[in-house]
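Nothing in this text is a laboratory measurement; each read-out follows from the coordinates by a stated rule. This is a predicted model, so every value here is computed, not measured. Here the Cβ positions follow ideal geometry from the backbone for every residue, glycine too, while neighbour counts run over all protein chains shown.
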Amino acid sequence: MDRMQGFVETGLATAGRALQAAGDRAGLHLAPDTLTRTAARRLRSSLRAIETLVRRLLVLIAASLELEDRKGPASPACDSQSPAPLPGRRARVFELMPLATFDPEAFQRMAATPAHAPDRNHTGIRLLLDRFHTLRAVIEDPARAARRMARLLAREKQAGALKPICVPQERLYRFDAEFGLIAAALPGLVSEVLPTWYDTG
């Protein structure tokens, strides 16, 4: 991991800048109560891409960790993220391996929107804000999430799951060249740090 440390640090810094830029484009610094549906869709797309990049960086960090459960029971605090919660809402936990393409945020948003909504071109942003702040907390302090990732990978390997495969990220035109270069390098690096996935010895 020593030779990758600089890459990981650069990657996290790049992800942080991309997240800030996405928030600025959506006008989050103005503390709006709603966004246009177009702006919400663009922000959601940006968050998804940044989350993917951060998850892959977490795999690189996790590969260097000595799992705490080899020495003894893990502290419960290591299994959860603790970003500063938004008022009146429980802190969101960063998803390490999303399951499918179903978007629960979109479903909840549609279910919560009354049929007589006065402006159908706008949508509430509370869920997106939760996601934004959770991602920012992981970028600023990835240690806990990396330990969670290390444990998850160890469980998956022990259970005989297939080795994680990172396909190239697409549709990165909203991000700068540095983000694209890091995203392009990560699939190969993730494969490199998990070379003994199928070893049984």
Residues of segment 11-41 with backbone nitrogen within less than 12 Å of a virtual label 7 Å along the Cα-to-Cβ line of LEU181, please, listed as ranges. 11
Förster radius 41 Å - calculated FRET efficiency between TYR173 and ASP33, Cβ distance, rounded to 0.05: 0.90
Under a crude label model (7 Å from the Cα following the beta-carbon direction), how far is ARG42 from LEU152 in nanometres? 2.9
Between ALA159 and VAL193, what length in nm is gained on full extension when 0.36 nm per residue of separation is reduced by their alpha carbon distance? 10.3 nm
